[in-house]
1. Please work out the Cα convex hull volume for the range 90-223 and give it in Å³ per residue.
2. Over the Cα atoms of the range 93-152, Rg to Rh with Kirkwood Rh, two decimal places?
3. Cα centroids of the range 89-145 and the range 238-253: how far apart, whole angstrom?
4. What's the Cα-based Rg to Rh of the range 212-367, Rh via Kirkwood?
5. So if each residue of separation counts as 0.36 nm, and I subtract the Cα-Cα distance between residue 42 and residue 116, what length gain in nm does that give?
6. Just grab the label-to-label distance for residue 263 and residue 214, each label 7 Å out from Cα along the Cβ direction, in nm (one decimal).
7. Quick one: Debye curve from the C-alpha atoms of the range 8-242, no solvent, what's log10 I(q)/I(0) at q = 0.13 Å⁻¹?
8. Return the FRET efficiency for the residue pair residue 337, residue 19: r is the Cβ-Cβ distance, R0 is 51 Å, and the value is rounded to the nearest 0.05.
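Read-outs: derived from the displayed coordinates by stated rules, not from any lab. The model shown is predicted, which means the values in this text are computed figures rather than measured ones. Backbone-built Cβ (ideal geometry, glycine too); neighbour counts: all protein chains shown.
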Ligand SMILES: Cc1ncc(COP(=O)(O)O)c(C=O)c1O
């Protein structure tokens, strides 16, 4: 049996209703910043519980443009998590600032107790990551940011639908970046991103930044970028956003079921789960003894298990100019050696879930 990580073939088995709307879009010629984009931005802001949403070209652009909108540039430092995806750090670098890493905790999110030590006179923003559907400690980080007068840009690219208590990921910072990449929980047919903010000023700045700084067809407020969410992708997003609660709840149900079955295995360590948090399970991730052997075993059994990620960013060649070394972020480094991700998507069948559970049990001799 194959258990695929990608669910796209199943998700888009029935695409006629989407194609009907795309045909209408093609006839209208409303391709750039058209009505579907405005509709998507409105629905997305509501979904997140933020005042405004601005559609952009990708999640990476959402982070980069948010940093630019907040005035981050050369000579500044931006703090983020050492265990994040390359794009978070890339957004800081392309904004011209220096990347400053901080270690994560046992929930795979930035450890708030380690942030203050990394703050210097040059720190211009915090860019914590809601990782894999696990929100970071929003209250704790806002408190640190307020104390130091720093804006928080939430990297919520992996965490649409995550929350801590009544605070949803992406609703509390100065801005938050989301990704609509095909393998994200809310996806489109290519690249796409969204920024949420509660500030009208930031929204207006972002609208200029994504569209050449054009305040009108013939007036340019400043020189900027072209990073617009395509109307065509917004059409797809407008369809999928209707399924969003079902997508999130199905992923949660799958994760809970798998975890209940695997929890007795002593060789596995699961991140602590808090009753007041909503993990939206973009990634279903835990730590495993003999991880590499388990990974190989599962792949041989047809399961698309993965590692997110085997090497933290501070140990990547790209970080060489930053001067970090092994041992700087022990939690991220230990997790990189032991973490494994199982498919948890909303199109898994009962048989596929049971196959994964049975294979992990078999590997540890607990069948
Ligand atoms: C944590 C994180 N930040 C940023 C991004 C960038 O998003 P995109 O691929 O849409 O540019 C990703 C994408 O995987 C991500 O996982």
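1. With only Cα atoms used, the range 90-223 gives 133 Å³ per residue.
2. Across the range 93-152, the Cα-based Rg/Rh ratio is 0.94.
3. Here the answer is 28 Å between Cα centres.
4. Radius of gyration over Kirkwood radius for the range 212-367 works out to 1.11.
5. That works out to 23.1 nm of additional length.
6. It works out to 5.5 nm between the two label points.
7. One equal scatterer on each Cα of the range 8-242 leads to -0.73.
8. Once rounded, the FRET efficiency stands at 0.65.
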